[in-house]
Amino acid sequence: FSQLEQQSIVFDACNIDVAAARATASCNGRLQFVPKVGSRTPRFESRQWTFTLNRGERDWWIQSVTSR
């Protein structure tokens, strides 16, 4: 994040699979960012994120995130 002036993420759709105390969320969306160095023109990329979650006593915790 230290190389970014600004970043935003928009999720268009997510599919969620829950199995007991684990869940996986696969989300399609768009990433917009502006680097601190070089061209200050906002850049846009389509991405897919996969979140692996574990259930705690009262809530869910993100265990890992991958993006491609």
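Would you please name the residue that is farthest from Val65 (Cα to Cα), looking only at residues in the range 1-17 that are open to solvent by 90 Å² or more (accessible area, probe 1.4 Å) and part of a strand (DSSP E or B)?
Looking at residues that are open to solvent by 90 Å² or more (accessible area, probe 1.4 Å) and part of a strand (DSSP E or B), I get Glu5.
Mind listing whichever residues of the range 23-64 are exposed (fewer than 11 other Cβ atoms within 10 Å of the Cβ), of a type in the set (S, T, N, Q) and farther than 12 Å from Ile9 by Cβ?
Passing the criteria: Ser39, Thr41, Ser64.
Give the residues of the range 15-68 that are farther than 26 Å from Ser2 by Cα and within 11 Å of the chain's Cα centre (by Cα), sorted by residue number.
Passing the criteria: Ala25, Ser26.
The values are calculated or read from the model by the stated rules, or taken from the named source; none is laboratory data. Please read these numbers as outputs of a predicted model, since none were measured by experiment. Note that we place each Cβ from the backbone using ideal geometry, even for glycine, and neighbour counts take in every protein chain shown. Protein only, heavy atoms only, side chains kept; ligands, DNA and RNA dropped before computing areas. Shrake-Rupley method; radii C 1.70, N 1.55, O 1.52, S 1.80 Å.
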